[in-house]
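Step one of this worksheet: look at the structure below.
The values are calculated or read from the model by the stated rules, or taken from the named source; none is laboratory data. Given the structure is predicted, the values throughout are model-derived calculations rather than measurements. Ideal geometry is used to build each Cβ from the backbone, glycine not excepted, and the neighbour counts take in all protein chains shown.
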Amino acid sequence: GAGVSQSPSNKVTEKGKDVELRCDPISGHTALYWYRQSLGQGLEFLIYFQGNSAPDKSGLPSDRFSAERTGGSVSTLTIQRTQQEDSAVYLCASSPMGSSYEQYFGPGTRLTVT
Amino acid sequence: EDQVTQSPEALRLQEGESSSLNCSYTVSGLRGLFWYRQDPGKGPEFLFTLYSAGEEKEKERLKATLTKKESFLHITAPKPEDSATYLCAVPAGMNTGFQKLVFGTGTRLLVSP
């Protein structure tokens with residue numbers, strides 16, 4: 001079946017612009033995660049959605065970052081007023097209920113802020 | 001603070017030359033340790049979960065083991081297609097559940113024919 005998909009695959013933006021990154025999880029998966037992977041750094045947890053529960057936003061690095069998940073499926077990560085330090089690969093993952101450790105990752109969106 | 005350290009950062013092997021990757025962790029109450037494989041330009045691919053010291057899991061040429069302080073990913077007679085970055089992760093914190101994973105920076109493995 002189809003895996004996690006993300007769009008766009010690459011995004012180049014100017015400093016100060018807003019960007020939206022999209023994630024389509026595997027159908028039927030109730031949990032959705034966003035991570036950030038910077039060069040030479042490990043994956044950094046950003047935010048977690050589980051069903052209809054309030055999201056865990058504890059990993060968001062600043063109030064410029066926000067995410068929503070509509071209808072328990074598609075999620076959008078928004079970065080406002082982008083800065084050069086926001087340049088990274090943004091990865092989305094989903095997992096079925098009851099096995100959240102088996103997170104299935106998408107290919108990521110490579111964001112470059114110039 | 002939960003922490004995961006992987007070594008070496010990079011490893012170059014000849015095809016058939018067995019070796020091991022290390023993942024040491026500091027966590028308040030281990031509730032699992034996970035290994036992933038990541039190919040260039042792709043997201044991590046789940047490999048193994050280990051829950052308790054002494055546990056072992058195997059998949060093809062890979063075997064993961066766990067002690068109270070570290071995990072090893074043993075690669076037996078590797079092939080060029082095993083070349084990838086191998087990531088280790090643990091759930092963060094005592095009360096946050098599995099959803100927050102703390103990842104190491106990975107070991108880049110290159111297997112030459």
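For region B:30-54, the set of residues classified as assigned to a loop (DSSP other than H, G, I, E, B), crowded, with 16+ Cβ neighbours inside 10 Å and either away from chain A (no Cβ under 11 Å) or of a type in the set (A, V, I, L, M, F, W, C) (or both) consists of B:30 only. Please enumerate the residues belonging to region A:63-114 that are in contact with a Leu (Cβ under 9 Å, 6 or more places away or on another chain), more than 13 Å from residue A:25 (Cα to Cα), away from chain B (no Cβ under 13 Å) and not in a strand (DSSP E or B). A:82, A:86, A:87 - these are the residues of region A:63-114 that are in contact with a Leu (Cβ under 9 Å, 6 or more places away or on another chain), more than 13 Å from residue A:25 (Cα to Cα), away from chain B (no Cβ under 13 Å) and not in a strand (DSSP E or B).
Annotation: residue A:58 fulfils all but one of (1) under 14 Å from the mean Cα position of the chain (by Cα); (2) at pLDDT 90 or above; the unmet one is (2). Evaluate the following for residue A:76: is it surrounded by 12 or more Cβ atoms within 10 Å (Cβ to Cβ) and of a type in the set (S, T, N, Q)? In short, yes.
When you check residue B:9 against the structure, is it out of contact with any helix residue (DSSP H, G or I) (no Cβ under 6 Å at 6 or more places or on another chain), within 16 Å of residue A:102 (Cα to Cα) and at the interface with another protein chain (Cβ under 10 Å from one of its Cβ atoms), yes or no?
On the way: out of contact with any helix residue (DSSP H, G or I) (no Cβ under 6 Å at 6 or more places or on another chain): yes; within 16 Å of residue A:102 (Cα to Cα): no; at the interface with another protein chain (Cβ under 10 Å from one of its Cβ atoms): yes.
No: the conditions fail for residue B:9.
Please verify whether region A:6-22 includes one or more residues that are farther than 26 Å from residue B:3 by Cβ, buried (at least 21 other Cβ atoms within 10 Å of the Cβ), touching a residue at least 12 places away in the same chain (Cβ under 8 Å) and within 11 Å of chain B (Cβ to nearest Cβ). Within region A:6-22, one or more residues are farther than 26 Å from residue B:3 by Cβ, buried (at least 21 other Cβ atoms within 10 Å of the Cβ), touching a residue at least 12 places away in the same chain (Cβ under 8 Å) and within 11 Å of chain B (Cβ to nearest Cβ).
Scanning region B:79-94 for any residue that is assigned to a loop (DSSP other than H, G, I, E, B) and under 10 Å from the mean Cα position of the chain (by Cα) turns up nothing. The residue that is nearest to the chain's Cα centre (by Cα), counting only those in region A:28-43 that are more than 8 Å from every other protein chain (Cβ to nearest Cβ) and over 15 Å from residue A:102 (Cα atoms), is A:36.
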